[in-house]
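Participant: I have a structure here, written as structure tokens, and I will follow up with some questions on it.
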Amino acid sequence: MFKFIHAADIHLDSPLRGLMRFEGAPVSRIQSATREAFRNLVQFAIDENVAFILIAGDLWDCDWPDSAPALFFIQQAARLGRAGIPIYIVKGNHDAESKLTSSIRHWPENVKFFNHKKPHIMAIESLNVVIHGQSYSQQQVTEDLSAGYPGPIRGAFNIGLLHTCLEDGGTDYAPTSVEKLVQRGYEYWALGHIHQRQNLNRDGVHIEFPGNLQGRSMRETGPKGCSLVTVGDDHCVTSRFEPLDTVRWEQVSVRSDDNGLECAVRKAMQQAVARADGRLLAVRLEVIGSVNSGQRLRDRLDALAVEVGDVWLEKVLVNPSLDKGEPSGKLSIYAPLALEIRDLIASLKADKGALSQWMGDFSELRGRFVGELGIGESAQLLNEQKAFQELVEKVGGQL
């Protein structure tokens, strides 16, 4: 019997460029979260005395201005090396042609990268384990890499290490299918690229995405971590998820009017804090119902978040519901669009951070027009954010 860790999509030092637009954001804690999660992974591997670690692509994000992420990784890999734990890595779409990796000439002996030229195997003879893999040669890989993986070694425990979208055709990320993976005859497929944990076992073959190691935005909510895999003497596989993230992203919805709002929010946040188990909790709050408190609402909820625990309120979305008492006749066939616009305006009124984010996106887009279309400075609005905020207030009062 032996154990190994299957991880993927580490995204060390992911830039998180949009984070600076959110007022009051704990920027340094969130930006360091990918490193802290990887430290947790290393410590977990040592504590569990695993035989090896598999990383199924996207160890970091493309090119970097310096080698800091690589040096951090080398330091952590050295810790694993002293514990006798090797790391086997395939490169994915984010780290396929990274200049960062090519600038590092000497990796620790326990770090094993799969070549991008063709599929090949790496054997761990002491465990009778064979790992089949191939790295990405470029960001876009439209062919099914797994189709070229070598056949299974009879009597050994065969692992396929692959970064894939797991879809047939029309994608840029080594598309394949569960059926094709099963047909290769391996016992375990260690997959990466999908940031949500998935177990896709079929016909005695264990096929798994562990999800990414650390959520980086509200698109990546819930626990994040790795899979701890145990292989029995009969090659029977059991796997369990181990959360290793240090920042937890959650979306919370409450239905309430102004009178009962704070009580409902407090209860929902307390439940989310309990699920986060001591981690920094980044919450996007959706308030369903009519709310007219504007920025005062955000101030109250920010204070409540601090009171409840280690919580950062990333954004407040106000979603006015169509209750029986609300007029609906004028919405007619345009109801879905009108509701969407009304919800957006209400959210912008309630959340100064969201308004700033919109203005940041607008400024970036306008900058492209200035550069590409020759629009001069005279065309720019004076005090744009104030003007936009006044527009939001005016339109919001008419919805």
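The values are calculated or read from the model by the stated rules, or taken from the named source; none is laboratory data. On a predicted model such as this, the values are computed, not experimentally measured, just so you know. For neighbour counting, all protein chains shown are included, and Cβ atoms are generated from backbone atoms with ideal geometry for every residue, glycine included. Calculation scope for accessible area: heavy atoms of the full protein, side chains included, ligands and nucleic acids excluded. Shrake-Rupley method; radii C 1.70, N 1.55, O 1.52, S 1.80 Å.
Participant: Restricting to the range 1-130, what percent of DSSP beta bridges are antiparallel, rounded to 5?
Facilitator: Here the share of antiparallel DSSP bridges comes out near 15 percent.
Participant: Continuing with this model, one more query. Per residue of the range 239-246, what does 6.51 cos²θ - 1.76 cosθ + 1.60 with θ = phi - 60° give for ³J(HN,Hα)? Whole Hz please, x for Gly and Pro, Karplus curve as stated.
Facilitator: 9, 9, 7, 10, x, 10, 5, 10
Participant: Which percent of the accessible area of the range 223-297 is formed by carbon and sulfur heavy atoms (probe 1.4 angstrom)?
Facilitator: Numbers: 1550 of 3500 Å².
The nonpolar share, carbon plus sulfur, comes to 44 percent.
Participant: Here's another thing I want to ask about it. Once amide H atoms are placed 1.01 Å from N in the peptide plane, what residues at a sequence separation of 5 or more from Leu12, or on another chain, have their amide H within under 5 Å of its amide H?
Facilitator: Trp60, Asp61
Participant: Sort Met218, Met1 by accessible area with a 1.4 Å probe, largest first. If you can, show how the numbers build up before the last one.
Facilitator: Values: Met218 15, Met1 155 Å².
Per-residue accessible area, sorted high to low, gives Met1, Met218.
Participant: Return the carbon/sulfur percentage of the accessible area of the range 45-168, one whole number, probe 1.4 Å, all protein chains in place.
Facilitator: On the way: 2600 of 5610 Å².
Within the range 45-168, the accessible surface is 46 percent carbon and sulfur.
Participant: A further question on this structure: For Arg240 and Ile153 in the same chain, what is the full-extension length gain: residue separation times 0.36 nm, less their Cα-Cα distance, in nm?
Facilitator: That pair, Arg240 and Ile153, stretches by 28.7 nm at full extension.
Participant: Moving on to the next point. Give the residue list of trypsin sites (Lys or Arg not before Pro) in the range 144-235 that are DSSP loop and have at most 15 other beta-carbon atoms within 10 angstrom.
Facilitator: Sites meeting the loop and neighbour criteria: Arg154, Arg219.
Participant: Using modelled amide H (1.01 Å from N, peptide plane; none on Pro or chain starts), what sits under 5 Å from the amide H of Ser253, excluding residues fewer than 5 places away?
Facilitator: Long-range HN contacts for Ser253: Glu286.
Participant: Place a point 7 Å from the Cα of Asp172 along the Cα-to-Cβ direction; which residues of the range 184-225 have their backbone N under 20 Å from it?
Facilitator: 192-196
Participant: In square angstrom, rounded to the nearest 10, how much accessible surface does Ser290 have for a 1.4 Å probe?
Facilitator: 70 Å²
Participant: Report the Cα centroid-to-centroid distance between the range 208-255 and the range 144-182 in angstrom, as an integer.
Facilitator: 22 Å
Participant: While we're here: Taking the solvent-accessible surface of protein heavy atoms with a 1.4 Å probe, what is the per residue accessible area of the range 207-256 in Å²?
Facilitator: 36 Å²
Participant: Given the pairs Lys224/Lys267; Lys267/Lys315; Lys3/Lys112; Lys3/Lys180; Lys91/Lys112, which are separated by over 20 angstrom at their Cα positions?
Facilitator: Numbers: Lys224/Lys267 24 Å; Lys267/Lys315 18 Å; Lys3/Lys112 18 Å; Lys3/Lys180 26 Å; Lys91/Lys112 11 Å.
From Lys224/Lys267; Lys267/Lys315; Lys3/Lys112; Lys3/Lys180; Lys91/Lys112, over 20 Å: Lys224/Lys267; Lys3/Lys180.
Participant: In Å², what does the accessible area per residue of the range 133-176 work out to with a 1.4 Å probe?
Facilitator: Normalised by residue count, the accessible surface of the range 133-176 is 40 Å².
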